[in-house]
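The values are calculated or read from the model by the stated rules, or taken from the named source; none is laboratory data. Computed from a predicted model, the values in this text were never measured in an experiment. Quick reminder, even Gly has a Cβ in these numbers, built from the backbone with ideal geometry, and neighbours come from all protein chains shown.
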Amino acid sequence: MTSLAADRLVARRGGRDVVDGVSLEVHSGQVVGLVGPSGSGKSTTLLLLAGLEPPDAGVVRLDGEDLAGLGVAGRQALRRDRVALVFQGYGLLSLLTARENVELPFRVARRDPAAAAAAATRWLGLLGLGDRADQRTDQLSGGERQRVALARALAVEPAVLLVDEPTAELDEENRDRAVGLLRDAADRGAAVVVATHDPEVVELCDRVVRLVDGRPLELPPGDVDGPVA
Ligand SMILES: Nc1ncnc2c1ncn2[C@@H]1O[C@H](COP(=O)(O)OP(=O)(O)O)[C@@H](O)[C@H]1O
Ligand SMILES: [Mg+2]
């Protein structure tokens, strides 16, 4: 069982609190949505949850342990072994192939190359990219790159999966695929947080935290257009 809990997070950027008091909790088997207009603090919140940026106030705890107490090396180890983040800009290495990008986290963790190759084949296939595996990612379309980034995060079967607008560039068929795979990851025990505008992704969430100017408002799924505090 994994639990990720954020307590009253604050992120100050450019002299203002772009994340201002965000709390959320997600356990194995759950998908929590972060919704809200562009600029409301979704991506910044995901960076804090991943331990990539330190909060200016508040705490992120993974299985009860404060990420701030882990130190730089501890947080790196966490991202290598337990937490995967799909960035809004995907964060792929453009000169590497789709397959090499998916294999990268396995290499960093010094895992068996044969297992990495098998995982890359499997996950690229599940995302409909079987025939794109050996193409450099700078030669792929935006939607294809988005799916490579998802494959890379899903392939390591992380305990915590953080995903930033995973369907922004996907057509309907691939959106269905991506949503199905996120649900499956949760069903296999991942704790998933997904920033999204997409009603189909919101639909899959067990809970939704709506952000307005960095401030949270918790709503039942499907009520993303509910009252704005
Ligand atoms: N490093 C930064 N420096 C200055 N402003 C930032 C920085 N990061 C984010 N912001 C600002 O914080 C706000 C929230 O950004 P972001 O978290 O990317 O929102 P969202 O993902 O919901 O669109 C935006 O107004 C953005 O311009
Ligand atoms: Mg964003």
Give me the pairs: first residue in region 8-30 and in the same structural domain as LEU62 (by TED's automatic domain parsing), second residue of a type in the set (Lys, Arg), beta-carbon distance under 7 Å, and six or more apart or on different chains, which are they?
ASP20/ARG215; GLY21/ARG8; GLY21/ARG215; SER23/ARG8
For region 1-60, what are the residues that are within 11 Å of ligand 1 (Cβ to nearest atom) and more than 19 Å from PHE87 (Cβ to Cβ)?
ARG12, GLY14, GLY15, ARG16, ASP17, ASP20, PRO37
Could you list, ordered by first residue, the pairs with Cβ atoms under 6 Å in which the first is in region 40-52 and on the phi > 0 side of the Ramachandran plot and the second is part of a loop (DSSP other than H, G, I, E, B) and more than 8 Å from ligand 2 (Cβ to nearest atom), at least 6 apart or interchain?
GLY41/GLY214
So the helices (runs of 4 or more DSSP H) completely within region 82-165 holding 1 or more residues that are outside the structural domain of LYS42 (by TED's automatic domain parsing), surrounded by fewer than 17 Cβ atoms within 10 Å (Cβ to Cβ) and within 16 Å of ligand 2 (Cβ to nearest atom) are 142-155
Which ones in region 37-79 are loosely packed, with under 15 Cβ neighbours inside 10 Å, assigned to a helix (DSSP H, G or I) and either of a type outside the set (A, V, I, L, M, F, W, C) or within 16 Å of ligand 2 (Cβ to nearest atom) (or both)?
GLY69, GLY71, GLY74, GLN76
Within region 157-165, does at least one residue satisfy the condition of being out of contact with any strand residue (DSSP E or B) (no Cβ under 7 Å at 6 or more places or on another chain) and within 16 Å of ligand 1 (Cβ to nearest atom)?
no
